[in-house]
1. I'd like the full set of residues that are surrounded by 19 or more Cβ atoms within 10 Å (Cβ to Cβ) and more than 10 Å from chain B (Cβ to nearest Cβ), limited to segment A:135-151.
2. Report, ordered by the first and then the second residue, all pairs with beta carbons closer than 6 Å, sequence separation of six or more or different chains, a first member in segment B:199-218 that is farther than 26 Å from B:M468 by Cβ, and a second member that is among the charged types (D, E, K, R).
3. With (1) away from chain B (no Cβ under 11 Å); (2) open to solvent by 20 Å² or more (accessible area, probe 1.4 Å); (3) of a type in the set (A, V, I, L, M) as the list, and A:M181 as the residue in question, which single condition is left unmet?
4. Can you name every residue in segment B:358-391 that is touching a Pro at 6+ places or on another chain (Cβ under 7 Å) and farther than 18 Å from B:D231 by Cα?
5. Which fully enclosed helices (runs of 4 or more DSSP H) of segment B:271-353 have 1 or more residues being within 14 Å of another protein chain (Cβ to nearest Cβ) and in contact (Cβ under 8 Å) with a residue 40 or more places away in the chain?
6. Pull up segment A:157-168, narrow it to residues that are over 19 Å from A:D102 (Cβ atoms) and surrounded by fewer than 23 Cβ atoms within 10 Å (Cβ to Cβ), then point me to the one that is farthest from the other protein chains (Cβ to nearest Cβ).
7. Only one of these is over 22 Å from the mean Cα position of the chain (by Cα), open to solvent by less than 50 Å² (accessible area, probe 1.4 Å) and free of Cβ contacts under 8 Å to residues at least 40 places away in the same chain: B:T452, B:T448. Name it.
8. Check B:G372, B:G429, B:G408 and return the single one that is of a type outside the set (S, T, N, Q) and under 30 Å from B:V249 (Cα atoms).
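The values are calculated or read from the model by the stated rules, or taken from the named source; none is laboratory data. Since this is a predicted model, take the numbers as computed values, not measurements. Cβ placement follows ideal geometry from the backbone for every residue including glycine, while neighbour counts extend to all protein chains displayed. With ligands, DNA and RNA removed, areas are computed over all heavy atoms of the protein, side chains included. Shrake-Rupley method; radii C 1.70, N 1.55, O 1.52, S 1.80 Å.
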Number of protein chains: 2
Amino acid sequence: MTPSDPVAAFRTALGEGGVLTGSDTARYTRDQRDLMQGEADAVLRPRSVAEVQALVCLAKAEGFGLVPQGGNTGYVGGATPQAGRRQLVVSLERMARIRSVDPLDFTLTCDAGAILADAQAAAAAHDLLLPLSLGAEGSCRLGGNLGTNAGGLQVLRYGMTRDLVLGLEAVLPDGSLFSDMKRLRKNNIGYDLKQLFVGAEGTLGIVTGVVLKLWPAQNHRATAWLQLAADAPIPEIAAFLRRETSDLVTTFELISASSLALVAEMRGAPTGFATGEGGAVLLELSSSSRHIRLDDVLMAALESLMERGWITDAALASSEAQRRAMWAVRETIPEGEKHAGGSVKLDIAVPLSQLGVFLVRAGAVLAERMPGVRLSFYGHVGDGNVHYNLMVPAGEDRLAFTRRVEDGIAHEIYAVAIDLGGSFSAEYGIGRFKRDLLHRYADPTRLTLIETIKHGLDPDGLMNAGAMTERP
Amino acid sequence: MTPSDPVAAFRTALGEGGVLTGSDTARYTRDQRDLMQGEADAVLRPRSVAEVQALVCLAKAEGFGLVPQGGNTGYVGGATPQAGRRQLVVSLERMARIRSVDPLDFTLTCDAGAILADAQAAAAAHDLLLPLSLGAEGSCRLGGNLGTNAGGLQVLRYGMTRDLVLGLEAVLPDGSLFSDMKRLRKNNIGYDLKQLFVGAEGTLGIVTGVVLKLWPAQNHRATAWLQLAADAPIPEIAAFLRRETSDLVTTFELISASSLALVAEMRGAPTGFATGEGGAVLLELSSSSRHIRLDDVLMAALESLMERGWITDAALASSEAQRRAMWAVRETIPEGEKHAGGSVKLDIAVPLSQLGVFLVRAGAVLAERMPGVRLSFYGHVGDGNVHYNLMVPAGEDRLAFTRRVEDGIAHEIYAVAIDLGGSFSAEYGIGRFKRDLLHRYADPTRLTLIETIKHGLDPDGLMNAGAMTERP
């Protein structure tokens with residue numbers, strides 16, 4: 001420590017291990033998609049709520065902005081400080097404790113820095129389920145999941161992160177602590193303030209703890225790989241399955257022929273699975289009850305789908321190994337894209353009823369404006385979310401192609417989605433990369449409300465400046 | 001209309017039928033529980049969003065405050081203008097249109113003035129379920145349900161009103177329209193502003209429309225009346241049933257012996273149902289699937305409960321008539337209370353795991369401080385909500401007893417609930433009657449945040465002054 005050390009006061013408050021500088025900050029200042037090299041004067045690693053409160057007060061006094069960061073696995077640069085901003089990253093990686101699991105209340109209480117997979121495991125140890133599940137679960141942290149209102153693989157049945165939050169605590173920009181860590185399903189005492197911090201991308205404060213809803217562990221599963229007929233009506237199929245299974249569907253993932261091919265290319269071998277002319281669906285039912293014959297329910301539903309001509313073939317997983325093989329295909333599509341040179345990911349949502357129209361219209365845009373560009377689309381279409389990814393053409397620089405897409409055709413595809421009542425950001429959020437889109441597509445009243453709330457809670461702009469709330 | 005008519009401008013804007021004055025305002029200015037006689041210069045009845053925008057601008061210009069009102073069925077005086085405040089009621093009863101039902105999206109879109117039962121019926125016509133269900137459903141309006149974040153009979157399975165809201169539009173205090181009427185399950189574009197209006201009790205604007213989630217109609221049901229053993233562990237029973245039925249439980253209503261007795265007294269005849277030493281539970285499973293044998297699932301679960309000694313008897317409804325008879329008992333408890341002279345309703349929530357401790361400790365408070373006062377407790381304990389109601393003693397004035405309870409023992413019972421991590425307002429909200437409680441029990445940070453948001457969105461205090469956000 002020297003007198004000229006700009007973060008000396010933080011070292012005193014947080015201890016030596018609590019402040020990283022220089023090259024130690026590298027892994028905190030580059031975004032997950034490798035699109036942006038940021039910069040921070042230091043990375044702060046508090047160990048307690050009190051330390052978070054202290055560092056917020058210090059930052060305010062010393063004129064630093066703060067960028068809260070979870071596992072740094074987001075796709076929109078929401079946790080990456082920009083160069084030249086005099087910002088500090090606040091990483092909650094040393095506040096990763098599971099505080100309690102309460103089986104009779106079906107709740108899990110933990111620090112916001114807890115890794116999602118650890119929280120899942122803590123629930124599972126009590127034969128309970130934390131249904132939030134996504135590719136990055138081994139390294140993402142719950143504070144980040146809350147900040148981005150993460151979606152993932154089981155939204156269809158259990159909702160977004162927002163829907164799982166019963167309680168929350170956050171350190172506000174003035175250093176005070178908002179604490180609402182109750183394990184209650186019902187507590188109507190004015191504005192639901194905790195929801196304001198979910199999806200706020202760290203712009204209103206630093207979430208330090210959370211109470212999440214749990215479910216009985218779903219120890220019974222029935223899984224199938226469906227080949228869709230040409231022009232199979234995906235929304236009708238999804239609706240039919242909801243009804244026929246009484247909403248025991250946890251997974252309804254569309255996999256296009258092109259996405260399946262990417263997996264086979266990466267493996268250098270066929271996957272053992274095939275799409276129908278309309279693509280494929282990975283379908284999974286799950287239940288906690290030993291009294292429901294899930295295989296029978298699935299079989300009956302699939303027979304009806306065959307009779308209707310909506311599917312041409314279905315393979316049921318008759319062992320856990322088969323089930324894992326099906327899942328492995330779905331889960332390795334992103335790797336398949338990376339192996340083939342990478343992709344630009346358009347995170348689209350449409351009302352499910354409009355999915356077919358969207359695919360036709362967006363496909364036409366693509367064929368006209370970027371003929372020959374390879375498409376990989378797949379995703380959680382059961383909830384209207386499709387990952388519509390354009391593959392980087394062979395020989396083209398990934399970053400250059402990303403710019404070309406994002407400055408051009410992406411807007412035309414977003415326009416199709418929005419015209420159908422959809423969204424340009426289903427689950428990734430706004431962060432730093434989609435601010436221009438927010439300000440282009442959101443109506444002025446929404447933008448005014450966002451600024452009113454931001455200004456009211458964070459008048460000095462301490463929290464995550466440069467992210468979502470800032471005009472581009 | 002005379003030149004001195006204080007609401008002349010509103011008559012011009014809304015037409016003659018759009019403005020009620022004098023005795024025509026009576027039914028809008030008295031609260032549901034008959035505890036407060038309010039006063040309004042007029043009742044405004046707009047027919048369109050544009051008329052709501054116009055009246056908001058006029059009110060601002062003419063120095064009137066506005067009190068949004070749905071069906072006027074709330075329990076906390078949230079929609080009742082206080083005398084001497086220069087306020088106008090805004091009733092949305094002429095904006096009651098069901099705009100659309102979208103079966104593939106599982107959504108219903110309607111005006112905020114739609115009556116809940118009409119919305120339920122519109123969903124049912126498409127073989128879909130709008131799960132919000134409460135005693136007042138024949139007259140309450142969705143705008144009121146949103147404003148109070150209504151709970152009701154199926155929260156255990158489907159959540160509060162908040163959890164059902166996908167889209168919302170509201171006229172803000174400056175007359176601008178916030179419109180977010182998308183039918184999307186996923187739309188991560190910054191703060192979830194629509195949630196701010198849910199549970200806001202009309203203090204931030206006038207909600208004019210809503211998009212609600214629907215489910216497949218639950219056309220299969222299995223219903224039982226359980227007699228609980230002495231010291232039956234209710235939280236364990238509820239948890240066990242969730243697991244054994246894979247969360248197909250839609251109803252888990254506790255009925256105490258005293259509440260059952262009130263129904264019998266009112267009828268002047270036995271109900272045909274009995275409580276065990278630990279009370280009774282009305283249990284219902286429901287499903288949309290013809291492939292799940294719900295009766296078998298229920299039977300198997302009840303056998304396990306008997307084996308464990310948690311229930312001493314169970315009657316299964318083998319016909320719709322028997323089912324209705326069971327439900328009639330539960331649904332007429334409030335009438336039974338009224339017939340016996342009325343009650344003071346304490347709307348308590350505790351973490352379910354703490355329910356037994358709460359009942360013991362609150363019972364001890366009651367026995368010591370108000371010996372002989374009759375208790376009626378019942379309710380949605382599956383989600384930790386118990387209606388803990390003190391009967392008005394024979395010969396005592398209802399209002400006087402209400403004051404005596406609310407100024408005295410109620411606080412001791414709330415203190416027990418809060419000490420156990422509970423709430424003094426599970427589902428009724430704050431309104432005008434519980435403002436003192438909010439400001440007594442909420443921590444300063446919460447109150448500051450409420451005031452910051454209120455001031456940011458409604459700097460002139462136009463919306464529902466005197467309700468939740470105002471300091472007592």
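1. A:A136, A:E137, A:C140, A:R141, A:L142, A:G143, A:G144, A:N145, A:L146, A:G147
2. Matching pairs, first to second residue: B:P216/A:R242; B:P216/A:R243; B:A217/B:D127.
3. So A:M181 meets the others, but not (1).
4. B:V373
5. Hits in segment B:271-353: B:294-307.
6. A:R157
7. Exactly one of B:T452, B:T448 is over 22 Å from the mean Cα position of the chain (by Cα), open to solvent by less than 50 Å² (accessible area, probe 1.4 Å) and free of Cβ contacts under 8 Å to residues at least 40 places away in the same chain, namely B:T452.
8. Result: B:G429 is the single residue among B:G372, B:G429, B:G408 that is of a type outside the set (S, T, N, Q) and under 30 Å from B:V249 (Cα atoms).
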